[in-house]
Structures are given as structure tokens and as C-alpha cells.
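What follows is calculated from the coordinates using simple rules that are stated; it is not laboratory data. For clarity, every value in this text was computed on a predicted model and none was experimentally measured. So basically every Cβ, Gly included, is an ideal-geometry build from the backbone, and we count neighbours across all protein chains shown.
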Amino acid sequence: MNPIKIFFALLLMVVALPSQAQKTIIKYLSGKDKDNTVKWDFFVSAGMNSGKWTTIPVPSNWELQGFGNYNYGHDGTTRPDGGKKAKGTEKGLYKHRFIADKSWVNKQVEIVFEGVMTDTEVKLNGQLVGPVHQGGFYRFQYNVTNYIKPGVQNLLEVAVSKESADSTVNNAEREGDFWIFGGIYRPVYLKIMPQTFVQRVAIDARADGKFLMDVFAENLRDGDEILAQVKTLKGQKVGPVFKAMVSVPSEKYTLSQSFSDPELWSPEFPNLYTVDVSIKRNNIIQHIYPQRFGFRTVEVKPGDGIYVNYKKVLIKGVNRHSVWPETGRTLSRKVHLQDIGLMKDMNMNAVRMSHYPPDSEFLHLCDSIGLFVIDELTGWQQNYGTSVGEKLVKEMLARDVNHPSILLWANGNEGGWNTDLDDDYALYDPQKRVVIHPWHNFNNLDTKHYPEYSYIENAAKKGSVLLHTEMIHGLYDGGHGASLYDNWNLIRQNPRHAGGFLWVLADEGIVRRDLKDSIDTDGNHGADGIVGPHREKEGSFYAIKEIWSPVQVKRPVFDQTFTGKLEIENTYIYTDLSSCKFNWQLLKYPLAKDARKSNTILASGKFVQALAPGQTGTMQLPLPPTWNNADALRLTAIDLYGREIYTWTWPIKSPSQFLILNLPVARPGASISEREDGNSYSVTSDDITYKFDPATGYLSTVTRNGKPISFGNGPVLAGVKLTLQSFNHQKAADNSYVVNAVYAGDAALNVKWTFAAGAPAKLEYSYTQTAPANFYGITFKVDESKITGMKWLGDGPYRVWKNRLQGVSTNVWEKNYNNTLTGETFDYPEFKGYHANLYWAKVQAGESSFTVYTDRPDLYLQMLKPQRHSTTFIPHVNPPFPEGNLGFLDAIAPIGNKFRPASTMGPQSQVNEPATGTINGRLYFEFKN
């Protein structure tokens, strides 16, 4: 062979051999997530399917696979429904066999467990590889180089004790207010590395371009070089290679460099880079370790606020439990993306990891999609002991330190902090991010949980920076969107307020195999979500989306002076509105008789509007001169990533104008008659008979062709006891029949019915009410058993409360009957409850169906009465409803949250003040088929 060819062939071999060993090899022994698992041999000591060897998917929580006992925190205590909880003392034994590759000879091999609940003993080929690991939410690993047998089958044995031998671990984790499971619930894998390698790095990359990195490498020698090259995610080199020389081998080596005008990371612009860290020996690369990071600076300025990249931030956040109904804490990239997508869709910019570190992939996605994060050491009102806590702090930070999304560290929750650990965070974080005690005023941050409105108001007079790590507890349909509008306006007025985190994203409900696969939220403990266990959206989802929209648009007044100009505010921290898009439409709604038809778009357009962050201004919609022929104006804002910020729909026509368009025309030639006996008075118009009870003055029944319609027993003045003063009826000059009833007592009500041949029944009423009340208006009763659904023009599709009017829009909506108990059953939107801004509604009840129209602005429709939740001992989330179940109301009740009655949560959450003067209303009822 030609000597030159031999030389180059040998040169290629020299170059190729090191390159094959440069990167860490990952070999999964388990699956990667809930949807990709590997069967391991399994034995559980107690509970379901115990006492026998079988198989189990890994990763998984064994309860969700039908093994052991279910435990929702507070082990051994009583459930909210009175049942006794089982104590989680079972133990699980795992076995798994795998072939170790022969190429792993002379390599360092480590076994990594991403998360195991709770105490974990690991053996390889019959030998214990290290001490028992304690703590259920942390990555841990063992060096198994001396235990593994390359080229042959190896036996991995893992013993998992659900209850820890360390009582402080049980206090911090198993006594928490969340589901406590058992098992290897996150992936298990081997890391195969050259003998000299980078174990990890810790980066401080600042907004001014200063870059510092601590490199933790093993088996380095005098004369080795540690090299670093920053790159974009597309692989383009940024700046020069910078390095450190090894003279005295050490545990840690520090590299630094400065970069000009780096693209900064923020939730609005999640710019990321990669640094490739290499170890070079005798001009040969031994190992390459890539690490993703972002340039950004976090500052907590005492008495001022939280700053990121020199801009004061306002946190719009939510707490997130890592849970899925069928798989417990074992999740997937799909679930993480879904949850982050829900947060971004609600215009949130932050998430708190409650009350434990999440899957590492979730944090990677927060980095790349853009969310501020609070990462939290477990501890719920009780804390880890110092010895075990020190190890767990190190494990958490070693894994998570380089995520630019992490804004703050949390040491436990609500008293569950060990103050001896506060200083440990800085040992592993070169950024020196602030450590907080959620619920407590610590390190210049008042993280008060579930503040009343007055607390936020008074805190504005003090010097602390406020950041509520839990606020507006969302049990059932209470909290979250309810009172958020008032509280958020107050928060924005306080320059020292940094925002807060709602409790909680999703109902923490799991599928119970021992309870016929029903979803269990442990009574009221876990039913706190904005969305359901499978991420079903509740009404608060859309209320939050509107209130936290970074584009705020003032509702226009459609009078003769309207020219298409809208007042807007840009509440983004970093984004100019010029990067967003706006679409508008002029709509024509179908008439009530044509409600199966869709909206007609009369005109539409697109435009771009520039407005700097934090500024207010105006936008000019290029509407045609005939804009007032439309029924409504719809405006949609879309962010620079194509995500809808919010869609506003504003009716242009008044209720009286809609009434003229929709009210059926009287049928010519129709007949009408009356009948009176000692106990009743009735009017028959064609085939419809209206029967009154002279003793009460109520319209008692309605029949069509002799068949009853589900309507009557009213009108009653909601929530007030009145006495009938007079009841009379007469034939009018136009051959219509008029029925009058007058009531008095704690309030006054005047009722006038008019029946004309071939026309809908007209009800005119007026009332005065001088006492504060949960609701004002009139009600009837319908037979709920006959109701199948409703279709209406008004705000929807979700119900509202007095203190949660946001998140609904005016349209023609339709929904089927359901008996949803928010947070207990999950068929949304709920059918029963208050619906705002009624124009007309068709109550669907088969042969008993009827339609009602109004010309009164801002009228609420009460559709039936929601069933009370099983936890009626929390009245704040079971607000009152009128005695009747079909109401037409001028004022409705607010709703509280788990820990606060509505009255403590702000102006919109108060009982309605006495009505001013006389309130007049008019309704038309069409009972024909």
C-alpha cells in the first residue's frame, strides 16, 4: 500500500477514535415517559395485587398500575368525606436484566434515577452500589463502573420503600397536601463516559454579556485544558473559544468570558444558546459536554420590585402539580407541552413548581417556550432534616441550575422550610438567585398566601415587595377568575407588587382502579384547578385569559361619535405591539328563528399597531361607513408566535334593537279568549292556555294543546317575601287581555301580563328593593326533568358570577343539559347558573320548549340552580341562588374561594347594594312550536 495512503489512514484512525468517545452515551433501561415504558419484574408487599411476582411498566407509580394502596398526603388521617386513609407502608421490589455493551470497558458508567418514591436501594449483580437514597422528587445517580459486567447480562435490583426510614422525609413529603405515590416514576438510564469527563456545569450568563461557568469534571490531570465554545441553537459560533488550564486537579474549575449584545432570554423572547465544554489532553479531545443556557439577569430590589434584564416584571403565574389521572406523577412531553400551552393561552408568564421539582423536560420546555419558574424543594408545613435536606438541595440545583427560566428558588412551603438550608442554594448557584419561603416575608419578598383585598391594599403602604406564591384558591368554581379583576387592578396600582401565582392549574384527580375507575380528588383537597384532571377548561380559564391579556382594550361606545378608534394599553414587559397582529370583523347574528345558521361576516380586515411596552394609546380600525349595520364588532389580537392573545366581541345594537329584529310578528286571524272560575283565571290564545292563581297572582301553568309546558309559578321577586295586594284582569280596547298583580312587603313588585291574539305573551314588571341582596330580579319555576338544553344570544358559553364577568363573549350559543359539579364532574361548560347579557333564549324541553326575548340591557338569565357540592361545609364556594330556578335578574351573587368569603375579595365581590329607584323590565314569551 502507498505509504502516503497508510499515513492518512492512520491519521484518520487517530482522529476518529477519540471522536467516538467524545460524547456521553445514554442507554435507557426503562421507558422515557408514561406513553413509552419497559416491563420490569415487580413485587409489592401490601395492598392491591400484593404478595406475588408479576410485571410493571417502568416508569410508573405502582398505585396507578393496580398495586399497593392509594395515599393522599396526611397519611393515616381522615378523608374529607369521612373515610379513613390507608397508611402507605408498602414496599416494591423491581428486577430488570440488560446486556452491557463490550465497548463500555475502560469507560465510567453511572446509573441515573430521575425520580423514585421514596427510599431507594439499588443493587447490580447482587452488590449494593451505594447508600439508600431518600427523597421522592430528585435525580440521583451511582457510579457502577466496578459493578457492571460488559458483554454479558446484568441484573439490576431496586427495592423501593414508599415510606421513608427518615421521619423528616415523611414529614416533608408524605404529610403534604397532595397525592403521595410509590414507585420508579421517572426514567432510569445509564450514562457511559470516557474516564476523563465533564460531570456537570453551573452557568451565570448575565444580560450585559458577562459569562461565568463552573465546570465539574473528573479525573483531570496537570496540563489538561478545559475549552468552551458558545453557539446559537443552530450551531453558529458566538465569540471565541475560551479556556482554563489545569495545573492542580480540583473538583471545580471556573471559566469566564464577555459577549457583546447577546440576545436576552425572557418569557416573551426565550432566546437560548448552547455552550460546548470540552476536555483536551495532548491535543486530543477527551469529552464534549453541551449545555443549553440563556443570557439574563434577575434582581430583587428591596422595597421596589423584581427586575429581569433591568425591566421590572409583573408575575402572572399559576401553581402546577405534576399529575395525570391515569399515571399519577409519571408524565410525558405531550402533557408538559399541553400544560405550558394552557398557561400561555391564559396569557400567563410564570409557573411555580408546587411543591417539588418537576420533570427536567418540563423546565427545558419552560426555557424554550418562555415561562418564569419558581423551583421548589419539597416541604409542606413540615421540613426535611438538615442532613437529608442538604443532599436534596444539592441534587435539585445540580440538575436545574442552568435553566434561565428559573427566577427564584423556594425552600419548602408554608412553614415547611429548614432555615439551615437557606445558605446552601448559593453553594451550587453562581447566579445567587434569591431563596424564598412561600407564605412568609423573607429575603425582601412578602409571599403572603391567599391575601384578602384589604391586605393587598394596606401592603401598598409598606416597604416589602409582594409576590403571592399562592392566591385566589380555586376550589370548585370559586377563586381563580372570581375576584381576579379587582385584585389585579389593585396589584397593578402598587409599584412594589410583583404579582402572584393562582392555585392551581389542574384538578389533582387520579383514576382509582379500586373505585370502578372513577376520578378521585380526595374530596375537596385536589379539586382546585382552572382546568380539570384531563385539562377540561372551566369558566375561569377564559376570565384569566381576558384579565391577563397583555393587550387591554377599552369597551367602545357605539354612538354617532364612534369612528373606529379604540383605546388600548400594552402591558407586555418587553414586546412592542408592532410585532403582533390584529384582525377585525363586523358580524350579523342569525335571528332566533334561524339560530341554526352561522354568523354572517359583513366586513373584515387586518392591521398592525405599534405601541411600546407599558404604554397606552389608540388604534384606528379601518371600518367601512356602514359599520353600524352590523350586530357586533369582533377584534382578535395575535402575538408574534401566532398564539391568540384574546378575542373581544362587542354588540353594536342595543337589546331593544335586537328585540325588534327577533320578536315574532303576530299571526293574523288568531283567536283569543278568557275563562274564570272560583280558583283560577285563564287566557287562551290559539292553542296556548295561560292559567293564573288569583290567590298568589302567579302565572301557575302554561299548556299547549292541553299538554303542559315546563314553565310557571311566577314571577316571584327573587329572595324577597311579598304579599299579594291586588289581582285583577280585564279586556283592553285592542281586544287583548291584561292581567295585573301588585305585591308589597320588604320590597314592592308590580306585574302586568298582556295577551294579544297570535302574539307572544308580554310581561312588564317593575320593582323597588331597598335592602342589600345577593340578587335582584324575578324568577319562575320550570320542570328540570324536561330540560334538554338551551340556545341563546348573550354572553357565553360559560356561566358567570358577579365577580367573574370576564372571559365570555356575545354570540349565539347552544349547550346541552348537564348536572356538572365543577371540580367533581368535568362536563364543561356547566349548564346551570347565571348567564350574562341576555337578548333571547330558547329553553329546549322537547314539546315543552319555549323562547323568551327581552329589551332590557345587562339582564342575567338564571338557568336552573347548580347542585351543591358534597363539601357544603365550605359555603364560600356554594353561593346562594333564588328560590325559583328560571330567573331574569338585574344583579347576581358573587362567589368566594376555599379560604375566603366573597365579601373579603374586593368591590365586585360584595353583596349588591340597594337598588336605586324603580327597576323596570319587559319580557316576551313565545310558547308556540
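Is there a quick way to get the dipole size of the chain? I mean about its Cα centre, with the Cβ of Lys and Arg at +1 and of Asp and Glu at -1; what is the value in debye to the nearest 20? List each step's numbers first, then the result.
Working: 99 positive and 96 negative charges, 416 e Å.
With only Lys, Arg, Asp and Glu charged at Cβ, the dipole is about 2000 debye.
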*What net charge do the residues around R186 carry, taking every other residue with its C-beta under 11 Å from that of R186, with Lys and Arg at +1 and Asp and Glu at -1?*
0
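Let me have the relative contact order for segment 672-926, percent, based on Cα pairs under 8 Å that are six or more residues apart.
Values: 646 pairs, mean separation 46.8, N = 255.
This gives 18 percent for segment 672-926.
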_Whole-Hz couplings from phi, Karplus 6.51/-1.76/1.60, listed for segment 810-820; x for Gly and Pro_ = 7, 6, 8, 10, 8, 8, 7, 4, 8, 10, 4
*Taking the Cβ of K52 as the center, what net charge do the other residues with Cβ under 15 Å away carry, scoring Lys and Arg +1 and Asp and Glu -1?*
0
*What are the residues whose amide H is under 5 Å from the amide H of M48, where those residues sit 5 or more places off or on another chain and H is modelled from the backbone?*
G68, N69
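How do 791-801, 46-56, 286-296 rank on mean C-beta neighbours within 10 Å, highest first? Don't jump to the answer; show the numbers that get you there.
Details: 791-801: 23.8, 46-56: 14.7, 286-296: 20.7.
Top to bottom by mean Cβ count within 10 Å: 791-801, 286-296, 46-56.
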_Charge dipole (segment 87-197, unit charges on Cβ, about Cα centre) - positive-most of V152, T89, W179_ = V152
*asked:* Students often check this: by mean Cβ neighbours within 10 Å, which of 671-682, 356-367, 621-632 ranks highest, and how do the rest follow?
replied: 356-367, 621-632, 671-682
*Please give the contour-minus-distance gain from D35 to K210: 0.36 nm per residue of separation, less the Cα-Cα distance, rounded to one decimal in nm.*
58.9 nm
_In whole Hz and in residue order, list the ³J(HN,Hα) couplings for segment 360-377 that follow from phi through the Karplus curve 6.51 cos²θ - 1.76 cosθ + 1.60, θ = phi - 60°; x for Gly and Pro._
4, 5, 4, 5, 4, 6, 4, 4, 7, 8, x, 9, 5, 9, 9, 9, 10, 6
*Taking the Cα centre of segment 779-929 as origin, work out the dipole magnitude from +1 charges on Lys and Arg Cβ and -1 charges on Asp and Glu Cβ, in debye rounded to 20.*
180
_Amide H contacts of T55 (H built 1.01 Å from N, under 5 Å, at least 5 apart or other chain)_ = F42
*In degrees from 0 to 90, rounded to the nearest 10, what is the angle of the helix 3-20 Cα long axis to the longest principal axis of the chain?*
50
*Set of lysines near K731 by C-alpha distance (under 24 Å), chain-local residues within fewer than 8 positions excluded*: K691, K752, K762, K928
_Taking Cα Rg over 2.2 N^0.38 Å straight from the coordinates, which label in (i) 1.17; (ii) 1.13; (iii) 1.06 is the correct one?_
(ii)
_Taking the alpha-carbon distance from K461 and a cut-off under 14 Å, which aspartates and glutamates remain once sequence neighbours fewer than 8 residues away in the same chain are dropped?_
D304, D446
*With contacts defined as alpha carbon pairs under 8 Å and 6 or more residues apart, what's the relative contact order of the chain in percent?*
8
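Please compare each pair in K554/K815; K462/K581; K95/K391; K52/K537 to a cut-off of 32 Å on the Cα-Cα distance and tell me which ones are over it. Don't skip to the answer; put the middle values down first.
Numbers: K554/K815 29 Å; K462/K581 40 Å; K95/K391 27 Å; K52/K537 41 Å.
Listed pairs above 32 Å: K462/K581; K52/K537.
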*Placed amide H near L602: partners under 5 Å, 5+ positions off or other chain*: L586, L587, K588
*Using the Karplus curve 6.51 cos²θ - 1.76 cosθ + 1.60 with θ = phi - 60°, work out ³J(HN,Hα) for each residue of segment 181-190 in order, rounded to whole Hz, and write x for Gly and Pro.*
10, x, x, 7, 9, 10, x, 10, 8, 9
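Please arrange M117, M343 by counting, for each residue, the other beta carbons lying within 10 Å of its beta carbon, fewest first. Before the final figure, lay out the partial values.
Working: M117 28, M343 23.
So the residues, fewest neighbours to most, are M343, M117.
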